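Here the structure comes first, spelled out in structure tokens, and everything after it is commentary.
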Protein chains: 6
Amino acid sequence: MTSRLEKFRTERERLNARVLETATTTTKRFFNLDTNCYRDGALPARTKEMLGLSASLVLRCDDCIAYHVIKCVELGVSEAEIGEIFDVGLIVGGSIVIPHLRRARGLLDELLQENADEPG
Amino acid sequence: MTSRLEKFRTERERLNARVLETATTTTKRFFNLDTNCYRDGALPARTKEMLGLSASLVLRCDDCIAYHVIKCVELGVSEAEIGEIFDVGLIVGGSIVIPHLRRARGLLDELLQENADEPG
Amino acid sequence: MTSRLEKFRTERERLNARVLETATTTTKRFFNLDTNCYRDGALPARTKEMLGLSASLVLRCDDCIAYHVIKCVELGVSEAEIGEIFDVGLIVGGSIVIPHLRRARGLLDELLQENADEPG
Amino acid sequence: MTSRLEKFRTERERLNARVLETATTTTKRFFNLDTNCYRDGALPARTKEMLGLSASLVLRCDDCIAYHVIKCVELGVSEAEIGEIFDVGLIVGGSIVIPHLRRARGLLDELLQENADEPG
Amino acid sequence: MTSRLEKFRTERERLNARVLETATTTTKRFFNLDTNCYRDGALPARTKEMLGLSASLVLRCDDCIAYHVIKCVELGVSEAEIGEIFDVGLIVGGSIVIPHLRRARGLLDELLQENADEPG
Amino acid sequence: MTSRLEKFRTERERLNARVLETATTTTKRFFNLDTNCYRDGALPARTKEMLGLSASLVLRCDDCIAYHVIKCVELGVSEAEIGEIFDVGLIVGGSIVIPHLRRARGLLDELLQENADEPG
């Protein structure tokens with residue numbers, strides 16, 4: 001069975017490629033800006049990914065949440081820390097955020113399982 | 001074939017359990033507040049579920065709409081009354097609400113069918 | 001000193017007149033639909049105004065909140081009932097609703113004062 | 001395999017029929033207004049569909065985006081022009097629009113393929 | 001008395017200057033992209049400003065609406081055409097857009113008056 | 001002349017007091033949760049205020065932005081760091097965030113001036 005995580009990654013990669021193949025200069029430049037914006041600066045990349053996750057939660061965008069959860073885990077944000085980012089998203093954005101928290105939890109479970117399965 | 005209604009219920013239950021197993025105190029308390037907020041008070045639970053449905057429609061959250069439609073039907077809100085809650089959601093929120101009305105209609109059809117199939 | 005309530009009413013009336021003077025048929029028809037939508041039907045006007053208030057709170061529109069609070073008070077929704085509509089708006093929409101609750105509270109205070117000042 | 005485009009069309013048609021069968025007068029009138037709003041007027045239908053697409057992008061509604069992309073293509077909006085509507089949506093609405101751009105791109109690819117496959 | 005139009009222009013200019021004086025490279029580049037995005041391309045600047053107006057209406061941002069209304073008038077979009085952009089914004093975004101239409105109408109009145117007062 | 005900062009503080013304090021005087025248990029508990037959510041935990045209060053600011057920017061709520069900017073400055077977030085939180089808000093939320101960035105910049109200028117004026 002294809003996991004939600006795999007499906008997200010494959011679909012995202014395939015369609016991002018198509019978007020960029022067909023993109024205007026404006027869209028290409030925006031994609032660059034978007035990438036650069038999360039690089040280490042006055043704030044470390046790790047904090048910026050947390051900021052991106054908090055913003056994505058309250059805007060209730062599943063794909064953006066998935067993306068930033070994956071990046072947070074990659075950059076060593078702990079499960080307890082992610083739990084508190086979820087808190088801020090929930091308190092700021094209200095119960096309407098809950099369906100997205102549910103799906104984020106499902107994805108985080110897959111992600112932690114995947115990491116646990118990898119040989120050390 | 002699994003109906004949209006069944007899928008919604010199973011997925012919601014499974015992931016809510018995971019969210020609560022892993023939740024911080026803040027998230028747990030918010031879930032309690034969320035539940036208590038729809039209890040009988042100055043306004044009956046029935047009216048509050050209608051308010052929740054109207055809010056969910058304009059925020060365009062399918063899962064929240066599904067949840068409040070189910071609760072409204074449980075608490076005896078008639079199909080004609082639900083139709084007028086849909087009206088308010090549509091007029092306040094505009095044509096962008098229509099795709100959610102479509103899915104809410106599909107779910108309501110399943111729900112009314114399910115109730116009709118139950119022995120009296 | 002001009003109260004927030006008076007300012008809201010004067011500005012709203014003046015500009016609504018201008019909008020309608022210059023409106024297309026589509027806009028005029030939408031305004032009619034909007035008015036008719038809150039008339040007594042399967043649900044009483046009173047309930048529909050509550051639904052409109054709950055939707056306006058989560059969409060965070062001060063003018064719409066002001067309008068529906070005024071209509072709710074006119075149709076006899078009690079202060080305790082309005083308090084519970086605020087609850088639903090706050091729980092569904094999160095802390096981002098609080099600044100609007102503050103202004104709604106200020107307006108409701110003016111409105112109740114105005115009603116108290118009127119000879120019986 | 002059923003394409004995303006076909007699925008969108010079938011589902012939309014089936015459920016729109018159900019919505020209209022069960023609709024209140026308010027909902028029916030709104031659907032009429034919605035249709036009429038995109039007719040030729042001071043602005044041609046073609047421009048209005050572009051306006052609808054730009055609005056749908058920033059509101060991040062996949063079904064509305066799909067609908068207006070299909071209409072734009074039908075009314076002869078070129079791929080380069082659609083690319084610049086995507087630009088406006090992306091710049092106004094930010095990176096949160098990207099997942100919707102991806103899906104819109106996927107759908108546009110299917111649509112252009114479908115048109116290419118049709119005998120002249 | 002300072003008109004709403006003048007106040008908008010002065011405040012916008014003063015604070016944009018401060019934003020740019022203190023801006024990061026990311027913010028500066030975004031401002032450039034934002035400006036370039038509305039230049040003539042496959043679509044003329046005039047159409048793009050209309051797209052920006054439609055997007056701003058449904059996102060209910062008064063300052064963005066004011067900005068694009070001013071640009072539309074500068075680029076020769078007629079009052080009748082603006083009326084139909086307002087239609088699309090109202091139908092897509094619903095009654096929650098009305099307070100913004102009111103303020104946009106007030107601003108458009110000031111703008112047309114200002115143009116009428118200018119020597120030919 | 002009253003600064004925007006002073007006006008924000010006075011208005012906020014006066015109306016928050018009224019909201020709490022008249023609040024239901026649900027509203028009071030939500031206010032408590034909201035306060036507790038930003039306390040030191042797995043993440044320090046400082047990071048949580050940054051998350052709150054990023055969420056407030058993309059939801060485009062001036063009062064929430066003002067509140068979190070003030071808290072960030074109190075907790076020692078530097079101007080350069082705030083600039084990068086603004087970047088994330090701008091990139092995630094798009095040009096529609098710019099009017100709020102302008103007002104946030106104005107408020108931050110007042111705040112830094114106020115701190116500079118204080119005797120050491």
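Some points to look at:
- Ascending distances from the D:R9 label point to its copies in the other chains, with the point 7 Å along the Cα-to-beta-carbon line: 3.5, 3.5, 5.1, 5.6, 6.3 nm.
- Across the identical copies, how the A:A116 labels are spaced - nm, sorted shortest first, 7 Å along Cα→Cβ: 4.6, 4.6, 5.5, 6.0, 7.3
- Axis-nearest residue of C (beta carbon) for the C-onto-A rotation, whole Å: C:G94, 1
- Relative contact order, whole percent, for chain D stands at 26, derived from Cα pairs under 8 Å and 6 or more residues apart.
- The Stokes-Einstein estimate for the protein assembly as shown, based on a Kirkwood radius over Cα pairs and taken at 25 °C with 0.890 mPa s viscosity, is a diffusion coefficient of 93 µm²/s.
- For region E:36-86, average projected area of the Cα convex hull in nm²: 3.3
- Averaged over the residues of F:13-22, the number of partner chain Cβ atoms lying within 10 Å of the residue Cβ comes to 4.
- All-pairs alpha carbon distance profile, region A:69-120, 5 Å steps from 0, percent: 4, 19, 27, 25, 14, 6, 3, 1
- Relative counts (whole %) of C-alpha pair distances in region A:1-44, using bins that are 10 Å wide: 24, 34, 31, 10, 0
- Kyte-Doolittle mean at least 0.5, axial Cα span of 20 Å or more - DSSP H helices of chain D: D:45-59, D:79-93
- Using the Cβ of D:A66 as centre and a radius below 12 Å, the other residues enclosed give a net charge of +2, where K and R count +1 and D and E count -1.
- Per-selection metrics, chain C (Cα): Rg and Dmax in Å: 15.1, 43
- Inter-centroid distance (Cα atoms) of region E:49-120 relative to region C:1-44, Å: 18
- Rolling a 1.4 Å probe over the protein heavy atoms of the protein assembly as shown, with every protein chain left in place, gives an accessible area that is 48 percent carbon and sulfur.
- Peptides C:22-30, E:101-109 ranked from most to least packed, by the mean per-residue count of other Cβ atoms within 10 Å: E:101-109, C:22-30.
- Calculated label separations, F:A45, copies of the chain, 7 Å along the beta-carbon direction, nm: 3.1, 4.0, 5.1, 5.1, 6.2
The values are calculated or read from the model by the stated rules, or taken from the named source; none is laboratory data. A quick note: this is a predicted structure, and the numbers were derived from the prediction, not measured. Here the Cβ is made from the backbone with ideal geometry for all residues, glycine too, and neighbour counts use every protein chain on show. Remember, those area values only see protein heavy atoms, side chains included, never the ligands or the DNA or RNA. Shrake-Rupley method; radii C 1.70, N 1.55, O 1.52, S 1.80 Å.
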